[in-house]
Amino acid sequence: MLRPRPRRCNFPTPIPSAVPADVPVSVTASAPRTILICSGKGGVGKTTLTANLGIALASQGVRTAVLDADFGLRNLDLLLGLENRIVFTAQEVLAGSCRLEQAMVKHKQEPNLALLPAGNPRMLEWLKPEDMQKIVELIKPHFDVVLIDAPAGIEDGFKNAAAAASEAIVVTTPEVSAVRDADRVIGLLNVRNIEPIQLVLNRVRPKMMVNQEMLGVSDVTDILALPLLGLVLEDEQVIVSTNRGEPLTLNGGKSPAAVAYRNIARRLQGETIPLPDPTQLNRGLRAKVRQLLQTKIF
Amino acid sequence: MTLRDLIDRLLGRQQASGPTAKHRLQLVLAHDRSDLNPELLQRMRKEILEVVSKYVELDLEGGDVSLETEERTTALVANLPIRRVKDTALQTLASGES
């Protein structure tokens, strides 16, 4: 059997700075954090996480910028309900044809949050990793946290997005394809010395997990060897909120996913909030029978 | 084996798919992480067995050379049950010493 080796990815330090752990620090007191949100596989919930986490952080008093690094197929504007207010993109800022303040779109209800799209699909020149670094350097002085929504895949778009990040959140679902792709992405992040890398397990279906018809939480965290930052249950309200362009975390939403996203925002700031065990959520007779069925007999 | 696995087996039902998913993932990730394709692994396995067989008699039935992965590191694990040490190997050693 293999001997366990020291983990490469250690548990998150809330703020990567030289401040001793016992000194209470607010996010505003230190250098801004640039956090990449990535997954490898598409459709697992990167953009939904970015939008909800952005709103949640902003409502908790953190000045937050969300940068849509997917300029080919950008959608973050749509999820935040800001699609009609985009006039400029980072490309125009870099070209000097507009000021940064003109390109950053402030959220109406959550003024602590601003969106910057990297570019648009009709761009003549594709952005390069250096461009992304320049953009983020320009944004950084005005914010506490910059969330970079990476495109799916591990090609140029991902490399651009990763170029400007100092830490990362990997989003995955308990499915073999999503976990496999997440593993590839983690490998690439390790090579780039991006840390901490933390995991968000999305679209968990507790019933299927109890019935062992889905990878368990510990199966995924063991395989990927990452600390779990959050666990979001499958929630139909996510689709409803996307339809409206109002993230679940807006206006103190109470749906299970909204609570999960808000907890992720708090953990990201260093608060300790216990993670729920999805297999223990329903404590009725059925749950007891299910548990009995999982007893090891030999 | 859990109680459920036993019931499934008695009723001739398919076992839960979660553990299957985990097993398949672990195997595919061991290959992904090491960049070793199955053909190369097969050749390496054959050569390792050839070398070891020069010195000891192996129980080929119970043996296995495979990739395992844990904590994001991949290891080549050889489990080769030895029947006995070959006389020829001992003889070479003795002649070398004298």
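With the Cα gyration tensor of the stretch A:29-293 giving a ≥ b ≥ c as the square roots of its eigenvalues, does the rule (a/c under 1.5 for rounded; else a/b larger than b/c for prolate; else oblate) give rounded, prolate or oblate?
Numbers: a/c = 2.01, a/b = 1.63, b/c = 1.24.
Because a/c hits 1.5 or more and a/b exceeds b/c, the stretch A:29-293 counts as prolate.
Who wins for biggest fluctuation among B:Arg45, B:Arg33, B:Arg13 in a Gaussian network model of chain B, springs between alpha carbons below 10 Å?
Sorting by GNM fluctuation, first place goes to B:Arg13.
What number, rounded to the nearest 500 deg cm²/dmol, is the helix-based mean residue ellipticity at 222 nm of chain A, given -39500 (n - 2.57) per DSSP H run of at least four residues and division by all its residues?
Values: 12 runs with 106 residues, N = 298.
So the calculated ellipticity at 222 nm is -10000 deg cm²/dmol.
Using alpha-carbon positions, what is the distance between the centroids of the stretch A:191-244 and the stretch B:14-72, in Å?
Result: 29 Å between the Cα centres.
Give the long-range amide H neighbours of A:Val66: residues separated by 5 or more places, or on another chain, with amide H under 5 Å away, using H modelled in the peptide plane at 1.01 Å from N.
Distant-sequence amide H within range of A:Val66: A:Ala114, A:Leu115, A:Leu116, A:Leu147.
When A:Arg74, B:Arg83, A:Arg290 are ordered from fewest to most other Cβ atoms inside 10 Å of their Cβ, what list results?
Details: A:Arg74 21, B:Arg83 11, A:Arg290 17.
Result, fewest neighbours first: B:Arg83, A:Arg290, A:Arg74.
Could you list A:Leu292, A:Leu67 in order of exposure, starting from the residue whose Cβ has the fewest other Cβ atoms within 10 Å? Could the numbers behind the result be given before it?
Values: A:Leu292 11, A:Leu67 29.
With the fewest neighbours first, A:Leu292, A:Leu67 line up as A:Leu292, A:Leu67.
Report, in degrees rounded to the nearest 10, the 0 to 90 angle that the Cα long axis of helix B:87-97 makes with the longest principal axis of chain B.
Approximately 50 degrees, to the nearest ten.
Give me the percent of DSSP beta bridges within chain A that run antiparallel, rounded to the nearest 5. Don't skip to the end; give the middle numbers.
On the way: 2 of 30 bridges.
Approximately 5 percent, going by the DSSP bridge assignments.
So how strong a dipole does the protein assembly as shown carry about its Cα centre when Lys and Arg Cβ are +1 and Asp and Glu Cβ are -1, to the nearest 20 debye? Working shown, then result.
Details: 48 positive and 46 negative charges, 209 e Å.
Around 1000 debye, computed over the protein assembly as shown.
Quick one: among A:Pro32, A:Pro141, A:Pro278, which has the greatest mean-square fluctuation in a GNM of chain A with alpha-carbon springs under 10 angstrom?
Per the Cα network of chain A with a 10 Å cutoff, A:Pro141 tops the list.
Compute the whole-percent fraction of alpha carbon pairs in the stretch B:3-97 spaced more than 15 Å apart.
72
Which order results if A:Met214, B:Met44 are arranged by neighbouring Cβ count within 10 Å, fewest first? The partial results should precede the final answer.
On the way: A:Met214 24, B:Met44 13.
With the fewest neighbours first, A:Met214, B:Met44 line up as B:Met44, A:Met214.
Using θ = phi - 60° and the Karplus form 6.51 cos²θ - 1.76 cosθ + 1.60, what ³J(HN,Hα) does each residue of the stretch A:193-206 get, whole Hz, x for Gly and Pro?
These are the phi-based 3J(HN,Hα) values: 6, 8, 7, x, 10, 10, 10, 10, 9, 10, 6, 7, 10, x Hz.
Could you identify which residue out of B:Leu60, B:Leu11, B:Leu29 has the top mean-square fluctuation in a GNM of chain B using Cα springs shorter than 10 Å?
Largest GNM mean-square fluctuation: B:Leu11.
Loop only by DSSP, 12 or fewer other Cβ within 10 Å of the Cβ. Give me the GluC sites (Glu not before Pro) in the stretch B:53-98 that pass, ordered by residue number.
On the way: sites: B:Glu57, B:Glu61, B:Glu68, B:Glu70, B:Glu71, B:Glu97; in loops: B:Glu61, B:Glu71.
Of the GluC sites (Glu not before Pro), the ones in loops of the stretch B:53-98 whose Cβ has at most 12 other Cβ atoms within 10 Å are B:Glu61.
Every number in this text was worked out from the coordinates using simple rules, so none of it is lab data. Quantities reported herein were computed from a predicted structural model and do not represent experimental measurements. Reconstructed Cβ throughout: ideal geometry from the backbone, glycine too, with neighbour counts over all protein chains shown.
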